[in-house]
Structures are given as C-alpha cells and as structure tokens.
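Throughout, read-outs are computed from the coordinates displayed, never taken from laboratory work. In this text the structure is predicted, and so the values were computed from the model without any measurement. As a convention, Cβ positions derive from the backbone with ideal geometry for all residues, glycine included, and neighbour counts pool all protein chains shown.
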Amino acid sequence: MPIASRRLHIAFVILSCALAACTTPRPTTLAPCVTEKTGQLTIRWGTQDDSLQVVDVYRMNTKGEIFHYSGPVTQNVMDEYLLHVDQSDYCAAAASVNACFLKTQALNTAARKGRFIEYFNPATDVYLRAAWNPDLQTFQSRDMRKEYDQLMNLVTK
C-alpha cells in the first residue's frame, strides 16, 4: 500500500472514530442502581486553589453524565457537559464513593491548594465533603485519594 493511501486510510479511521464519539447520544434514563431516594444524587470532585481563587471541578449525575468547570470560584458554577460513562460504571463509582465516606467519616485538611470529593443528595438532605492537601500522602486521606483517582479515570477513559 503506497504511503499516500496509507495516510488517507489512517485519516479516514481517525475521522470515523471522532465522528462516532461525537454523535453518541447522551443517556435519557437514570442508571439502574438509582432509587427514588438517590434520584438527585450528585458527586463532585476536583481541585481548588484558594490563593488564586480558581477551581477545576467535575460533576456526575445519576445518568452517568459528567460535567466540567474550570475557572474562578463562584457561587453559581456554569459547568459544561463533558461526556457520559457507562451506567454500570456510574453505579460502581457511586457505591464506592458512598462506602468511602462511610469509612472515612471526616476529612478536612486545610491547604492553599486542595482536592475534594462531595456527595450531595437533596432527597435525603445529605451533604458530605472531604478535602485534603494533594501534596501530602497522609494516612487519613489515602482512601479519598484512591476514590479521587478512580473518579478521574472515568474522565480519561
């Protein structure tokens, strides 16, 4: 196969993959693990720099949709749709984050730059937040650091 034909074939394959990724429809139904009490559950995670007053945050809803915002810290964050994960992956992540919060109970380490995970369920009036310094590998933050890495893996899949 000549080099020009090979390049054209590779370009066609890349274009096809990009088109397929962009045209994948967003989910319209809740994940199968979602109950009436967890229908409004939101999981947020990210990094906040208090000295610069900026945040880089991801938000996942019960459909497995992930939204992203990066910019100044504000009360009303206008995030944008980024991608959606398989609903079985959502169910596993939500259960894992819930279990981690039950195990950890409290984690709030002040730092100029901090990482965080939030678990917010308005139906049951539950708001949990764990924050830690990403520069330190403390015993107390090890489970949340692992959860954070697993959530970031959903974004980079």
Task: Inter-site label distance for V77 and A110 at 7 Å from Cα along Cβ, in nm - done: 2.2 nm
Open item on the list: I'd like the Karplus ³J(HN,Hα) series for the stretch 40-53: coefficients 6.51, -1.76, 1.60, θ = phi - 60°, whole numbers in Hz, and an x wherever there's a Gly or Pro.
Closed with: 10, 4, 10, 10, 10, 8, x, 10, 10, 10, 5, 6, 9, 6
TODO: Sort M144, M78 so the one with the fewest other Cβ atoms within 10 Å of its own Cβ comes first.
DONE: M78, M144
Open item on the list: Neighbour counts of other C-beta atoms within 10 Å: give me R129, R115, R26 arranged from fewest to most.
Closed with: R26, R129, R115
Task: Sites V155 and T28 - FRET efficiency at Förster radius 30 Å, r taken between beta-carbons, to 0.05 - done: 0.90
- [ ] At a Cα cut-off below 20 Å, give the lysines reachable from K113, other chains included and same-chain residues fewer than 8 away excluded.
- [x] K146
Open item on the list: Using each residue's phi in the stretch 128-142, evaluate 6.51 cos²θ - 1.76 cosθ + 1.60 at θ = phi - 60° and report the 3J(HN,Hα) Karplus result to the nearest Hz, with x for Gly and Pro.
Closed with: 10, 9, 10, 9, 8, 7, x, 7, 10, 9, 7, 4, 5, 9, 4
Open item on the list: Order these by the 10 Å Cβ neighbour count, fewest first: C91, C100, C33.
Closed with: C33, C91, C100
